[in-house]
Each structure stands twice: as C-alpha cells, then as structure tokens.
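Remarks on the structure that follows.
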Amino acid sequence: MADDLAKLQAKNEALKATLKALTAPPAAPVAESTKKAESKLKIIALQEKTFAEQQEIERLELEAKQLLARAKEHSRKKKDIEKEIDIVRNADKPVWETVGMQTITYRDPFHTGVSKRTPTGGYFTS
C-alpha cells in the first residue's frame with residue numbers, strides 16, 4: 001500500500017511538472033488604445049442589437065394597430081347588418097311597435113352661430 005502511495009505521488013508530481021510546462025506564456029499587455037477600440041466596437045454591436053429590438057417592437061405595435069382597425073371595421077359591418085335586420089323586422093309595423101336599439105336624431109334649435117338670447121335680450125335659463 002505504501003508502494004502504491006509512492007507511485008501515485010510520483011505520478012502526481014510528473015503531471016504537475018507537465019502542466020507547468022504546458023502553460024502558455026503570459027499574454028503581451030494590451031495597449032490602452034486597443035482597449036478603447038474594443039469597448040467602442042462592443043458598444044456599437046450592442047447598439048445594433050437595441051436598434052433591431054426597437055424595430056421589432058415597432059413592427060409588432062403596427063401589427064396590433066392594423067388588427068384593431070380590422071376589428072373596428074368588422075364591428076361597423078356588424079352594426080350595419082343589425083340595422084338592416086331591424087329595418088326588415090319593423091317594415092310594416094307602426095312606430096310604437098318597433099323593436100330595436102336606435103339613436104334618436106336631435107336637431108338643436110339654437111345651433112352654433114345663432115344667438116341663444118330671448119327676444120327681450122336675456123339668456124335662457126334651464
């Protein structure tokens with residue numbers, strides 16, 4: 001057993017010596033201008049990535065706007081069809097028997113530009 005231990009220790013020492021021989025010599029010191037150039041190139045590469053991401057965001061937002069516009073168009077078509085249904089349903093009925101949700105048209109008797117004063121010069125009170 002002591003013999004095995006001695007062999008393993010010798011092998012360990014041989015491997016350590018081989019490792020020391022294999023290590024590369026220390027790299028030459030990098031010049032300051034090279035460090036600055038590398039950092040600027042890295043900044044440019046990162047800016048390219050952010051620009052690409054920004055373009056992707058804008059593309060997705062545009063797609064969302066287009067989808068919303070299409071949805072609004074379809075809902076408008078649906079409302080038009082529902083109006084047609086109401087017209088056909090209430091074709092031969094008197095007004096008081098008509099069914100359906102509709103807006104009542106209102107015409108302002110004092111439209112913009114016309115004086116809203118009484119004939120005596122006072123304002124209408126409500």
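The values are calculated or read from the model by the stated rules, or taken from the named source; none is laboratory data. Please read all numbers here as calculations on a predicted model, not as lab measurements. Here the Cβ positions follow ideal geometry from the backbone for every residue, glycine too, while neighbour counts run over all protein chains shown.
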Would a scan of the range 97-111 turn up a residue that is among the aromatic types (Phe, Trp, Tyr), outside any helix (DSSP H, G or I) and either at pLDDT below 95 or surrounded by 10 or more Cβ atoms within 10 Å (Cβ to Cβ) (or both)?
yes
Restrict the check to the range 19-27 and report whether at least one residue is under 48 Å from the mean Cα position of the chain (by Cα) and not charged (D, E, K, R).
yes
Quick one: residue 85 ticks every box in (1) at pLDDT 95 or above; (2) over 28 Å from the mean Cα position of the chain (by Cα); (3) of a type in the set (A, V, I, L, M, F, W, C) except a single one, so which number is it?
(1)
